Amino acid sequence: MHGREGQAECIEIRLVPHEAIRGRCSACRQPAPGYDRLSERKWLFVPLWGIPTWFRYAPRRVQCGEHGVMVEHIPWSAGKRPITCAMMGFLARWGRRLSWRETARVFQTSWEAVYRSLEWFVQWGLARRVLKGIEALGVDEIHWGHGLRADNFLTVIYQIDAGCRRLLWVGKRRTQASLRRGLQTLGPEVVQGLRFVCSDMWKPYLQVIAAQAGQALHVLDRFHITSHLNQAVDQVRRGESSRLRAAGKAIAERLKHLRWPLLRRGSRVRGQVRQKLNALLSSKLATARAWELKETFSHFWKYKSLTWAQAFLDYWCSRALRSRLEPMKKVARMLRTHEPLILNWFRAKGEISSGAVEGLNNKIRVVTRRSYGFRTFHAMEIALYHTLGRLPEPESTHRFC
Ligand SMILES: [Zn+2]
């Protein structure tokens, strides 16, 4: 123990090799005769009684028959890292519950040490994860950071099978090349075994999915279509609000406050807000018509028969195209273009969950927001795999969480 004024600053544990046990070659793990000893090194261990704890050990070098002179295998260490595997696992597990900065502060270490520990933990898991039995894939784009540069978007690939939902891959940008890289990482066996792929109407993705996973039923996600509709309603509302304000009409102010009720599902708006919404809806405003179109579309998802769903889609699109509301017309055109893929939702009914991609996206947002301080893509990538990848974890005797 080292400390001042009776207060321990750190605990140092000096380790000595057992004389009767030979060191093992770090390449092949076979026992080998000793060669010499290196100078002493330190490894950070799990804190004891809240006091930072270090292992001190002078590693031996062994003369391996196959590999020549090698440093011995050190069971508590991984590579040249100055932290024991036990501590890396410990920090990594806490790093899932607290922010990295908080983890570093609580356990009196550096942000960098937490980062490196998580990196090791995640790489350990990625190398050992099993990519078998994946039938349903969700592909999506995520916005990250500030601005709309190409680098502010990420492509994510999820497994969305009922029994296992997890992040499989995350990469920079949202281009064909990004998705191709992702699918390549998963390997041809996974891609050819897919039965369902769920995505947005983003053209680069559509093209890659058609080219590489043609056997899978490609479904356009309900959640994405709903959000396109919501965006259209909001565009109509904003446009109308500023037109009315310019004309000096009082209703402009009311429209401004109805943004959220308008975007929610109609059946979920209650109470006073509902009354305000009703007042708006009985008006002849463009926003009211856009909202009504959006609400009508929700019936689409209730159809059981493909034929009727198709008929409804047709009817809805022609109504929207006659609505003289440009944002709604745009959605209608988009839906028409992708009609077969949208109708695949009915062909896949019951087999894939429409909420899976949305749910995983929301979780990603929590992580990317918490990781606001992360300057690099790599750090965030590690955080995402760590929280959403369901990766296998190294065994640990110091598991506290
Ligand atoms: Zn060897």
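Dipole magnitude for the stretch 238-281: computed about the Cα centre from +1 point charges on Lys and Arg Cβ and -1 point charges on Asp and Glu Cβ, it is near 180 debye. Taking the square roots of 5 times each eigenvalue of the Cα gyration tensor of the stretch 29-75, largest first, gives ellipsoid semi-axes of 29, 11, 6 Å.
Three principal axis extents describe the C-alpha atoms of the stretch 137-237; from largest down they are 47, 26, 26 Å.
Report, in debye and to the nearest 20, how large the dipole of the chain comes out about its Cα centre when Lys and Arg carry +1 and Asp and Glu carry -1 on their Cβ.
Working: 68 positive and 32 negative charges, 367 e Å.
For this selection, approximately 1760 debye.
Protein-only accessible surface at a 1.4 angstrom probe places the residues Cys85, Cys25 in the order Cys85, Cys25, largest first. Counting each pair of different Cα atoms once, what's the Kirkwood radius of the chain in Å, rounded to one decimal? Radius from the Kirkwood sum: 25.4 Å. Taking all Cα pairs closer than 8 Å and separated by 6 or more residues, the relative contact order of the chain comes to 14 percent. Farthest towards the positive end of the charge dipole of the chain, among the residues Ser241, His73, Ala216, is the Cα of Ser241, using unit charges on the Cβ of Lys, Arg, Asp and Glu.
Accessible surface of Thr185, taken over heavy atoms with a 1.4 Å probe and every protein chain present, rounds to 80 Å². Over all Cα atoms in the stretch 210-345, the spread is summed up by Rg and Dmax: 16.6, 57 Å. Between Tyr315, Tyr115, Tyr385, the GNM of the chain built on Cα springs shorter than 10 angstrom shows Tyr315 fluctuating the most. Taking the stretch 1-136 on its own, what percent of its Cα-Cα pair distances exceed 21 Å? Here the tail beyond 21 Å accounts for 54 percent of pairs.
With the charge dipole of the stretch 129-169 set up from +1 on Lys and Arg Cβ and -1 on Asp and Glu Cβ about the Cα centre, the Cα lying farthest toward the positive end among the listed residues Gly147, Val130, Cys164 is that of Val130. Considering every alpha-carbon pair of the stretch 325-383, the percent of pairs per 10 Å bin, from zero through the bin containing the longest distance, is 18, 25, 26, 28, 3. In sequence order, the stretch 307-314 has phi-based couplings of 4, 5, 4, 5, 4, 5, 4, 4 Hz under the Karplus curve 6.51 cos²θ - 1.76 cosθ + 1.60, θ = phi - 60°, and Gly or Pro positions carry x.
With the contact rule set at Cα under 8 Å and sequence spacing of 6 or more, what percent relative contact order holds for the stretch 292-401?
Values: 45 pairs, mean separation 17.5, N = 110.
Relative contact order for the stretch 292-401 comes out at 16 percent.
The mean sequence distance of close C-alpha pairs (under 8 Å, at least 6 residues apart), as a share of the length of the stretch 288-354, puts its relative contact order at 29 percent.
In Å, what Kirkwood hydrodynamic radius results for the stretch 137-181 from the alpha-carbon pair distances? Let's see the in-between values first.
On the way: mean 1/r = 0.0914 Å⁻¹.
Roughly 10.9 Å, rounded to one decimal.
In the stretch 280-336, taking the dipole from charged Cβ atoms about the Cα centre, the farthest positive-side position among Val331, Ala311, Leu281 is held by Val331.
The values are calculated or read from the model by the stated rules, or taken from the named source; none is laboratory data. Note that the structure is a prediction, hence the values are computed from the model and not measured. Cβ: placed from backbone, ideal geometry, glycine included. Neighbour counts: every protein chain shown. Please note that ligands, DNA and RNA were not included when accessible areas were found on the heavy atoms of the full protein model with its side chains. Shrake-Rupley method; radii C 1.70, N 1.55, O 1.52, S 1.80 Å.
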